[in-house]
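Here is the structure we will look at.
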Amino acid sequence: MMTYTEQIEDSMFDKLEESEKDTEFIAMESKTYLKDAWDCFKKNRLALAGLIFLLFMVVLAVMVPVLSPYTYDSQNLDVRNALPSMAHPLGTDKLGRDILVRLMFGARISLMVGFVAAFLNLIIGVVYGGVSGFMGGKTDMVMMRIIDCIYSIPSMLYVILIMMVFGSNIGSVLLGICVSSWIGMARQVRTQVQTLKQQEFALAAYVIGAGKLRILFKHLIINCMGPIIVSTTLMVPEAIFTESFLAFIGIGISLPQASWGTLASEARSVIQSYPLQIVWPVLAICLTVLSLNFIGDGLGEALDPKNR
């Protein structure tokens, strides 16, 4: 026999039939932030095409020098300045070296310089700019004046002096590029941190006892990762172009190593007789830089919540 309370509950609520259970309609699938950003990135055809081209270039840079019967420094004077053929798909240079192998070996150097330089600039710029913006006051003023002093000296002067002291190698190129390239990242992070540290979530973290480093890196830096990632992506083509320019004017990677700038510099001497040789490295630089710019634009749209 049901009690009085059970009778009231039974009269107020009717149990659902088994067929009616789990029939709720979910209007939108639940997504994580990264999944949502990837879906938005895929809608940008130019950005997706740039990503596919970059991955394709990386695969070629890894596989071609390994699978090819030629090496990047092997010479064969019997086939100097040969036109593209089955044996040499992109032809040979003035010393009979296979241009395709040298182009893909150069891709290793140029891409490595670009990504490593961007990563180093990211670390230095985020830490320096984050500390400056978070501390404020005299600390911020001193740190910004140091940046102004570094920025006042032309970056090319740093590179030339470093090359003269340490020689023409990959380490010198990276050091020369990274001496002043992190300044833009530091200023951007500083501005973002100065804005975000005034928000309620930063004050709440401070009230509950979070330390300064935790607030800076766990709360403030994380909330401005979108612009940071986009800026880092755009640093890669800038570093590639800088390295190629240095090699083209003769102060970059020393021979027989071959970056894209080195190949363009070597082909300059035979540009009137064999203009096709300079087309390949210039085309590789242009397409790679263009694809990275497309990727940067796509990431900017995908990571910006205002575009949702």
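Some values worked out for this structure:
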| quantity | calculated |
| --- | --- |
| Tally, over the range 203-216, of residues that are touching a helix residue (DSSP H, G or I) at 6+ places or on another chain (Cβ under 8 Å) and modelled with pLDDT of 80 or more | 3 |
| Close pairs (7 angstrom Cβ cut-off, 6 or more residues apart or separate chains): within 12 Å of A247 (Cα to Cα) and assigned to a helix (DSSP H, G or I) in the range 260-271, modelled with pLDDT of 80 or more and among the acidic types (D, E) anywhere | G261/E243; E266/D93 |
| The range 173-200, residues that are in contact (Cβ under 8 Å) with a residue 40 or more places away in the chain, of a type in the set (S, T, N, Q) and over 19 Å from G226 (Cβ atoms) | S181 |
| Complete set of residues in the range 35-59 that are acidic (D, E) and free of Cβ contacts under 8 Å to residues at least 12 places away in the same chain | D39 |
| Criterion violated by G250 - all others in (1) touching a residue at least 24 places away in the same chain (Cβ under 8 Å); (2) not in a helix (DSSP H, G or I) satisfied | (1) |
| Hits in the range 75-120 (condition: without any contact (Cβ under 8 Å) to a residue 24 or more places away in the chain, of a type in the set (G, A, S) and surrounded by 14 or more Cβ atoms within 10 Å (Cβ to Cβ)) | A82, G96 |
| Residues being at pLDDT 85 or above, under 24 Å from G171 (Cα atoms) and buried (at least 21 other Cβ atoms within 10 Å of the Cβ) - total across the range 240-296 | 5 |
| Condition met for E238 (of a type in the set (D, E), within 15 Å of I99 (Cβ to Cβ) and assigned to a helix (DSSP H, G or I)) | no |
| Meets criteria (closer than 21 Å to V236 by Cα and touching a residue at least 40 places away in the same chain (Cβ under 8 Å)) for I170 | yes |
| Residue that is at pLDDT 85 or above and polar (S, T, N, Q), where the choices are S74, S110, S152, S68 | S110 |
| Meets criteria (surrounded by 14 or more Cβ atoms within 10 Å (Cβ to Cβ) and either out of contact with any His (no Cβ under 6 Å at 6 or more places or on another chain) or modelled with pLDDT under 85 (or both)) for V59 | no |
| Qualifying residue in the range 26-43 (condition: at pLDDT 85 or above and either out of contact with any Leu (no Cβ under 7 Å at 6 or more places or on another chain) or not in a helix (DSSP H, G or I) (or both)) | yes |
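The values are calculated or read from the model by the stated rules, or taken from the named source; none is laboratory data. Small disclaimer: the values here were computed from a predicted structure and weren't measured. A quick note on method: Cβ atoms are made from the backbone with ideal geometry, for glycine too, and the neighbour counts reach across all protein chains shown.
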